[in-house]
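Reviewing the structure listed below.
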């Protein structure tokens, strides 16, 4: 009998070492989830990724958690990136591209399952405090997309009449009237007060206060808390508590306040003893908006930034944290993406995946540090403005011919007024991102087999999703407000 018991104990010890994700799924209660999604934060903007702005709370998060250094969004622009995060799909698949304007006739289709929809099926309380940017008609807003609570801006905080680049235009310029008054939204209702500069200064604090209260209100049941901060997107605003505190200019002050927000949420989780059963994810929607110069961050050592498909536009700083489950002070260099968050959370919560096809994969083996775990993506698509720009795996990147913008050789912006981009042409090329993360040297001639493999992968992706107005069979259309309202009227 003792030999049998010893054998059983050995088996469990073996499983614990090799299969932490399996044991976690079988033994823990349903985890809470907090997801920070920062706007336009570059790869090199925070301490855990080499930044020189003081970020003590993020430094601690990374020390206790796991850095993902090869973490991608599907496109270097707001709405497309957010659609992919929320649905676990390439944004091309769900019909969202670019950055939606105020009053846009299209938005994320309510028929698509968001992270909030998936987790609500397992009894989660769900909330978003921050920027949505997936359609601002009531039918497109978070309460129609699985969220119980919503407070924030419907789109980017620069889509307002007081943007410095608009205010500085000469009288009579029609661009002065391109944006309506900006208002915060509570639930599906626009609040009456117009958002001014003084109110923008309070956005990070207001979102944080709402997030803390939501945690306190739902401490007895599982919750999904989504905090897509409006900052560090221009125009930059910071509360008086952080103005001038970073020693790194206004941008540094804004980053410090975002770091404070992380700290407030983490402090609340610890005070309520929720930290051992809460997964915290910190990431960004795309790289820095480089034309804004001293009001933008940095993607160093990556190439370019927001609005491009180079690594500086689509590779973002990311930390996963869950004490006792995610290995502390660890790093993952395998290719992972925002589209993987939905299926991973679904598996953690034992919730069914969406019935419609998704592109994300379960990354629990990578998240929990299983030995020899590899990226689940053999080929990852990077679309921009409906064009397939690149295909990646963990090491290699194929770029397809396309035009892109750059600040190389240009005068950078200053004090909130942007500089002017130059236009360049990318060619068909292969980059070795392990040895050349700055994408400087085409190595297609040295690695013809890999070059051919990724070209074949690109052809497969195009056959499914298409390009431009030639949508492939795998594309599902975005919702159109007129069609939604007509369908509702005819019910």
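The values are calculated or read from the model by the stated rules, or taken from the named source; none is laboratory data. Model, not experiment: these values are computed from the prediction. Because the Cβ atoms are built from the backbone with ideal geometry, glycine has one as well, and the counts that use them run over all protein chains shown.
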**Criterion: at pLDDT 95 or above, outside any strand (DSSP E or B) and crowded, with 16+ Cβ neighbours inside 10 Å - qualifying residue of 371, 365, 352** = 365
**Prompt:** For segment 392-403, which residues satisfy the criterion of being within 17 Å of residue 307 (Cα to Cα) and in contact (Cβ under 8 Å) with a residue 24 or more places away in the chain?
**Reply:** 399, 400, 401, 402
**Request:** For residues that are touching a residue at least 40 places away in the same chain (Cβ under 8 Å) and surrounded by 16 or more Cβ atoms within 10 Å (Cβ to Cβ), scanning just segment 445-454, find the one that is nearest to residue 393 (Cα to Cα).
**Result:** 454
**Asked** Here is a list of conditions, (1) in the same structural domain as residue 93 (by TED's automatic domain parsing); (2) surrounded by 18 or more Cβ atoms within 10 Å (Cβ to Cβ), and residue 397 meets all of them except one; can you say which number that is?
**Response** (1)
**Asked** Which ones in segment 383-399 are touching a helix residue (DSSP H, G or I) at 6+ places or on another chain (Cβ under 6 Å) and within 18 Å of residue 336 (Cβ to Cβ)?
**Response** 391, 396
**Residue under evaluation residue 363, criteria (1) closer than 14 Å to residue 88 by Cβ; (2) touching a helix residue (DSSP H, G or I) at 6+ places or on another chain (Cβ under 6 Å); (3) touching a residue at least 40 places away in the same chain (Cβ under 8 Å), criterion not met** = (3)
**Prompt:** How many of the residues in segment 404-430 are under 24 Å from the mean Cα position of the chain (by Cα) and either outside any loop (DSSP other than H, G, I, E, B) or without any contact (Cβ under 8 Å) to a residue 24 or more places away in the chain (or both)?
**Reply:** 3
**Complete:** Expected output for segment 191-213 (first residue assigned by TED's automatic domain parsing to the domain that holds residue 273 and under 25 Å from residue 126 (Cα atoms), partner at pLDDT below 95 and surrounded by fewer than 18 Cβ atoms within 10 Å (Cβ to Cβ), Cβ below 9 Å, 6+ apart or cross-chain) is 200/162
**Asked** Regarding residue 84, is this residue surrounded by fewer than 24 Cβ atoms within 10 Å (Cβ to Cβ) and either modelled with pLDDT under 95 or touching a helix residue (DSSP H, G or I) at 6+ places or on another chain (Cβ under 6 Å) (or both)?
**Response** no
**Prompt:** Which one of these is touching a residue at least 40 places away in the same chain (Cβ under 8 Å), under 27 Å from residue 385 (Cα atoms) and either surrounded by 19 or more Cβ atoms within 10 Å (Cβ to Cβ) or in contact with a strand residue (DSSP E or B) (Cβ under 8 Å, 6 or more places away or on another chain) (or both): 32, 105?
**Reply:** 105
